[in-house]
Amino acid sequence: MKTAIYWFSGTGNSLSVAQALHDSIEDSELIPISRAMKSIPEAAERIGFVFPVYGWGPPRLVERFVKKLNAAPGAYIFAVVTYAGNKGDTLGILHRMLRKRGLDLAAGWGVRMPENYPPMGGAPAPEKQREINGEAAEKIAQIVAKLKTSPRGVYEQSMCLWRLLSKVIYPGFRRFVPRADRWFCADSNCNGCEICARICPVDNIEIENGKPKWLGRCEQCFACLHWCPQEAVQYIRSKGQPRYHHPDSTLPDFLK
Ligand SMILES: Cc1cc2nc3c(=O)[nH]c(=O)nc-3n(C[C@H](O)[C@H](O)[C@H](O)COP(=O)(O)O)c2cc1C
């Protein structure tokens, strides 16, 4: 049975999880959600979602994709979300989005991975990153083992308080996201290489007079900032923060 693994990732944490699932699930295909949005793939009988938590819920791109998703009747759908501190009610919100389409989230897990949001201080020190990614690798192995039996009704539920807070935090964050790119800029280290424009999953960056210009439909994935070879892309508090990407992810993985 074919499994379509739909992934979205800014700095490779979620991509590394998607890749591990792909390596362990026979007849699976890795599909970036950004590409699937442009040409919706055929319905699959098994579908996996892998994406980061943004503002205690799913990224807006995931919400838009769920509205277009092709799924076989009775499809087995699972999700693995990556997060840095608190996933809120992300799995519950995804479940409700799928329900509106008459689909069901059969199983869902969260994997704690390094932070990548500059306003929150960005990524932890390299030693801490190794520790977190080491624990994440163990958790991913457990998820892979559980998925072999296609369990149903297995959700890693957050505490009730976090689920309630998600109802406030997530809608606020969702509204703030598209225009939040007004705080991006390229500093004098920018050499106009255009990698930021090529890596943006939603084509939100245009090069104007050799410099990036953000167009107001940002997803806040921060790929443009973390993958800039010159570390020239800046955002709130980012100056002097080390750039981060998961050790198993490379720039070509994102430019493909
Ligand atoms: C815009 C934004 C919002 C985030 N919100 C949350 C959050 O609500 N809770 C959390 O634990 N981590 C949050 N994070 C951290 C990411 O979920 C985490 O670092 C994730 O593993 C990044 O995955 P990626 O490398 O696949 O992009 C946020 C990161 C970004 C960029």
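The values are calculated or read from the model by the stated rules, or taken from the named source; none is laboratory data. Just so it is clear, the structure is predicted and the values come from calculations on it, not from any experiment. Don't worry about glycine lacking a Cβ; one is built from the backbone with ideal geometry, like all the others, and counts go over all protein chains shown.
Could you list all residues from segment 101-114 that are under 20 Å from the mean Cα position of the chain (by Cα) and surrounded by fewer than 20 Cβ atoms within 10 Å (Cβ to Cβ)?
Hit for segment 101-114 is Arg112, nothing else.
Taking the stated definitions as given, is Phe65 more than 14 Å from the ligand (Cβ to nearest atom), surrounded by fewer than 24 Cβ atoms within 10 Å (Cβ to Cβ) and at negative phi?
So Phe65 passes the test.
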Revision key, fill the gap. Scanning segment 76-122 residue by residue, those more than 30 Å from Glu231 (Cα to Cα), of a type in the set (Asp, Glu) and either within 15 Å of the ligand (Cβ to nearest atom) or part of a strand (DSSP E or B) (or both) turn out to be Asp89
**Study point:** Hey, Ser158 part of a loop (DSSP other than H, G, I, E, B) and either away from the ligand (no atom under 12 Å from the Cβ) or out of contact with any helix residue (DSSP H, G or I) (no Cβ under 9 Å at 6 or more places or on another chain) (or both) or not
**Key:** no
Exercise for review: State all residues of segment 195-206 that are surrounded by 15 or more Cβ atoms within 10 Å (Cβ to Cβ), over 16 Å from Pro52 (Cα atoms) and in contact with a strand residue (DSSP E or B) (Cβ under 9 Å, 6 or more places away or on another chain); if no residue qualifies, say none.
Suggested key: Cys196, Ala197, Arg198, Ile199, Asn204, Ile205
Revision key, fill the gap. Checked segment 161-181 for anything among the hydrophobic types (A, V, I, L, M, F, W, C) and either within 13 Å of the ligand (Cβ to nearest atom) or in the same structural domain as Gln220 (by TED's automatic domain parsing) (or both); matches are Trp162, Leu165, Val168, Ile169, Phe173, Phe176, Val177, Ala180
Practice item. Scan segment 198-206 and give yes if some residue there is in contact with a helix residue (DSSP H, G or I) (Cβ under 7 Å, 6 or more places away or on another chain), within 16 Å of the ligand (Cβ to nearest atom) and closer than 16 Å to Pro118 by Cα, otherwise no. Key: no
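I'd like the residue in segment 22-55 that is within 13 Å of the ligand (Cβ to nearest atom) and part of a strand (DSSP E or B) and, out of all such residues, is nearest to Trp162 (Cα to Cα).
Out of the qualifying residues, it is Tyr54.
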Study note, to complete from the structure: Exactly one of Trp214, Trp183 is modelled with pLDDT of 95 or more, buried (at least 20 other Cβ atoms within 10 Å of the Cβ) and farther than 26 Å from Arg112 by Cβ, and that one is Trp214
Review point. Within segment 2-21, restricting attention to residues that are in contact with a His (Cβ under 6 Å, 6 or more places away or on another chain) and part of a helix (DSSP H, G or I), which residue is surrounded by the most Cβ atoms within 10 Å (Cβ to Cβ)?
Key: Asn13
